[in-house]
Each structure stands twice: as structure tokens, then as C-alpha cells.
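The structure appears right after this line, and notes come after that.
The values are calculated or read from the model by the stated rules, or taken from the named source; none is laboratory data. Since we're looking at a predicted model, the values are computed, not measured. Ideal geometry is used to build each Cβ from the backbone, glycine not excepted, and the neighbour counts take in all protein chains shown.
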């Protein structure tokens, strides 16, 4: 009981420390409307920092990320839509800058790859299942019968020739 | 029966080759969105060194139309710039290729001192204290090096420091003068 209580307390305390870091490193910015503030956050989450490649603009503390946050903010204030801001960044930094890259020749494999793999797996699996069921339906029942029949006949007639004639066992 | 073992082996080998290839790739080296496109228009004040004459002077890429030139983005706070600087000194002193050094997010005094200590190979030094030109160039940081053609289009871009091998392999093909210089060096 005591251990559980300590753990809970530790968890409660650590929660206080977790919250500030999870808010990211974004400068305090005041937008005129809540809507703009929301769009700003959305864009920063989707735009990737070019310098520190596994962070978005919201997380990154790199100087270039700071500059791009400032630019994003001013573009929003100029009245640009989310799509326009993304195009703006795309023109300068390429597909790489979007965590959800647009569909084009270069990114086609990235988008379609998983579905192609899935299709291949489904086709292979279906074939296997089909082959197996055919085998199960045909082989065990008939061949077992066949085998016993041949064995019995062998015992009765002492003729080893019949064993080779497994395909058509009728006399 | 054999295929039962062969198939996973083939899959494993394919995977190994693919991942091995991935290891040779540098994820920091990204294609520039600017290649083949005109260099963004900008008009920036010139760094005030002892060699600058006109204090009101501005640099725009248009003034080099008709020439093939090199743009190097540098800063006094950037350690890799220190590493690559002797090569730009060489290019600046031994060729007639126009060399522009964009001073990126720097403090004027530091930049001037840095050049005084290490040599100034640049024909023009526009400044970008805010980083706005950097964003238009799709810059990741300093140093970066661009080759701009006679029509003002970006032919080549390299993010990160350059070395002699990279000049010989990737930049010299754009400039006969560089080719002569670096092939000569190799021979001696």
C-alpha cells in the first residue's frame, strides 16, 4: 500500500514537470483572434524543421525553426490561408518541409507503397489458402483411403505391383 | 521444400541490401527546391568593411546577370565556415569567378573582425541580419554554397561546408577556371 501511495505521489509531482516541456519552445505570441492562434499551432505541428529533421517547428529550438515560426506568424497575420502558408514553405524548402508530403511523382512510392505491399500480401495469402483447402479436401481423405485399400490388397494378393498404381486403384 | 528456406533468405538479403544502401545516404543532404529556378530577388545592405566605399550600397542578385557566380552563405559564429574559408580564399584570389558572401544572421563587428583575421575573398558581402533572405533561399543554416548561372538561375546548391574534393567533383564542372586550378593541384 505504501509503495503504491509513493508511486502515485511521484506521478502527481512529475506531472507538473512534464507539462511545461510538452508545450514546446514556442515564443509567446498574441494573435488577434483565437482562430488565428489555432491555425498557427496547427501549421507549426505540420511543418518540419529543416535543420533538426525529426522535430516539427513547434518542438524545435533551432534558429531556423525560430525564423520559420516568425514567418508563419506574419503570413497568417497577412491573411494567408493554411494552404497558402504551406505552399510558401514548399516553394522554398521542398516536399521535405511537410510532415504530410503532397502526392506527386517523387512521393508516390511513399504514399502508395504500403497499399502495394498490402495487396501483394493479400494475393499471396489468398493463393496459399486456396491451395491448402484444395489439398485438404482432396489429399487426406482420398489418399488415406487409397493407401489402406492398397495395403489391404497387397496383404491379400501379395502382389507388390499394385502399390505403384496409386493414381487409379480400381482393378 | 527448398523454397521454404530460400524465400526468407532472399527477403533477408533484399532487406540487408536496402538498409545497407540507406546507411550510405546522408539524410542532411536534401535536394533544394530552387534548383533550375531563378534565385529569389533580394536587396540587402553591404557589410561595412575597411574596403567598402559606398555606405549606402545595396546588393541585388540582378547586378551579376550575364555572369556565372558563386554565392557562399557564412557567419562568424559558424565553426564549419572557418573550416571551408581557406578554399574560398583560394577561389577568390586565384580565379576571376564572382564570389558573393552572404553574411547570415551575424553581428557586423564580429563579421568584419572574422574577415580581417581570415582574409576576405568576397567581391560583394550582402548582409542578412534577420534571416529573411535565408528563408527565401530555403536555407538550413550556415554554411551553404550556391552556383548561379548567367540568367540568374540556381544551378547547384550544397548545404554544409565544402572541401577540395567536393569542389573538384561537384562545383568545378560549372567553371573551367576552377577545373584548371583543381586539376593542376592534383597533378602536382
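Out of the residues in the range A:104-146 meeting the condition of being under 22 Å from residue A:54 (Cα atoms) and at pLDDT 85 or above, tell me which one is surrounded by the most Cβ atoms within 10 Å (Cβ to Cβ).
Checked the range A:104-146; the qualifying residue surrounded by the most Cβ atoms within 10 Å (Cβ to Cβ) is A:111.
Against the condition assigned to a helix (DSSP H, G or I) and more than 14 Å from every other protein chain (Cβ to nearest Cβ), how does residue B:112 come out, does it pass? Spell out the reasoning first.
Working: assigned to a helix (DSSP H, G or I): yes; more than 14 Å from every other protein chain (Cβ to nearest Cβ): yes.
Yes, satisfied.
Yes or no, residue by residue, for (1) in contact with a strand residue (DSSP E or B) (Cβ under 7 Å, 6 or more places away or on another chain); (2) more than 11 Å from chain A (Cβ to nearest Cβ); (3) in a helix (DSSP H, G or I):
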residue: B:116; (1), (2), (3): no, yes, yes
residue: B:120; (1), (2), (3): no, yes, no
residue: B:127; (1), (2), (3): yes, yes, no
residue: B:130; (1), (2), (3): no, no, no
residue: B:136; (1), (2), (3): no, no, yes
residue: B:139; (1), (2), (3): yes, no, no
residue: B:142; (1), (2), (3): yes, no, no
residue: B:145; (1), (2), (3): yes, yes, no
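With the requirement that a residue be at pLDDT below 90 and part of a loop (DSSP other than H, G, I, E, B), what does the range A:80-103 give you?
Once the filter is applied, which keeps residues that are at pLDDT below 90 and part of a loop (DSSP other than H, G, I, E, B), the range A:80-103 yields A:94, A:99, A:100, A:101, A:102, A:103.
Going by the structure shown, is residue B:151 free of Cβ contacts under 8 Å to residues at least 24 places away in the same chain and surrounded by fewer than 21 Cβ atoms within 10 Å (Cβ to Cβ)? Even if it seems obvious, please write down each step before you answer.
Numbers: free of Cβ contacts under 8 Å to residues at least 24 places away in the same chain: no; surrounded by fewer than 21 Cβ atoms within 10 Å (Cβ to Cβ): yes.
When the stated conditions are applied, residue B:151 does not pass them.
When you scan the range B:25-40, do you find a residue that is at pLDDT 90 or above, within 14 Å of chain A (Cβ to nearest Cβ) and in contact with a helix residue (DSSP H, G or I) (Cβ under 8 Å, 6 or more places away or on another chain), even just one?
yes
Report, by residue number, each residue of the range B:98-109 that is away from chain A (no Cβ under 14 Å) and within 19 Å of the chain's Cα centre (by Cα).
Passing the criteria: B:98, B:99, B:100, B:101, B:102, B:103.
Matching residues to (1) more than 14 Å from every other protein chain (Cβ to nearest Cβ); (2) farther than 16 Å from residue B:33 by Cβ; (3) in contact (Cβ under 8 Å) with a residue 12 or more places away in the chain:
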| site | (1), (2), (3) |
| --- | --- |
| A:79 | yes, yes, no |
| A:82 | yes, yes, yes |
| A:106 | no, no, no |
| A:109 | no, yes, no |
| A:113 | no, yes, no |
| A:116 | yes, yes, no |
| A:122 | yes, yes, no |
| A:126 | yes, yes, no |
| A:130 | yes, yes, no |
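Which ones in the range A:84-103 are over 19 Å from the mean Cα position of the chain (by Cα), away from chain B (no Cβ under 12 Å) and surrounded by fewer than 18 Cβ atoms within 10 Å (Cβ to Cβ)?
Hit for the range A:84-103 is A:84, nothing else.
Kindly provide the set of residues from the range B:72-105 that are crowded, with 18+ Cβ neighbours inside 10 Å, closer than 19 Å to residue B:133 by Cβ and in contact with a helix residue (DSSP H, G or I) (Cβ under 8 Å, 6 or more places away or on another chain), ordered by number.
If the condition is that a residue be crowded, with 18+ Cβ neighbours inside 10 Å, closer than 19 Å to residue B:133 by Cβ and in contact with a helix residue (DSSP H, G or I) (Cβ under 8 Å, 6 or more places away or on another chain), then B:72, B:73, B:74, B:75, B:76, B:99, B:100, B:101, B:102, B:103, B:104, B:105 are the ones that fit.
Can you confirm whether the range A:55-63 contains a residue that is in contact with a strand residue (DSSP E or B) (Cβ under 7 Å, 6 or more places away or on another chain), more than 9 Å from every other protein chain (Cβ to nearest Cβ) and at pLDDT 85 or above?
Kept after step one, since they are in contact with a strand residue (DSSP E or B) (Cβ under 7 Å, 6 or more places away or on another chain), are these residues of the range A:55-63: A:56-57.
Restricting the remaining residues to those that are more than 9 Å from every other protein chain (Cβ to nearest Cβ) gives A:56-57.
Next cut, at pLDDT 85 or above only: A:56-57.
Yes: the range A:55-63 contains one or more residues that are in contact with a strand residue (DSSP E or B) (Cβ under 7 Å, 6 or more places away or on another chain), more than 9 Å from every other protein chain (Cβ to nearest Cβ) and at pLDDT 85 or above.
Given A:67, A:59, which one is farther than 20 Å from residue A:106 by Cβ and either in a loop (DSSP other than H, G, I, E, B) or in contact (Cβ under 8 Å) with a residue 24 or more places away in the chain (or both)? It would help to see each step written out before you state the result.
Numbers: A:67 fails: either in a loop (DSSP other than H, G, I, E, B) or in contact (Cβ under 8 Å) with a residue 24 or more places away in the chain (or both).
None of the others qualify; the one that does is A:59.
Of the conditions (1) farther than 30 Å from residue B:149 by Cα; (2) modelled with pLDDT under 90, residue B:9 fails just one. Which one is it?
Every listed condition holds for residue B:9 apart from (2).
I need a count of the residues in the range B:42-85 that are part of a helix (DSSP H, G or I), over 14 Å from the mean Cα position of the chain (by Cα) and within 26 Å of residue B:176 (Cβ to Cβ).
4
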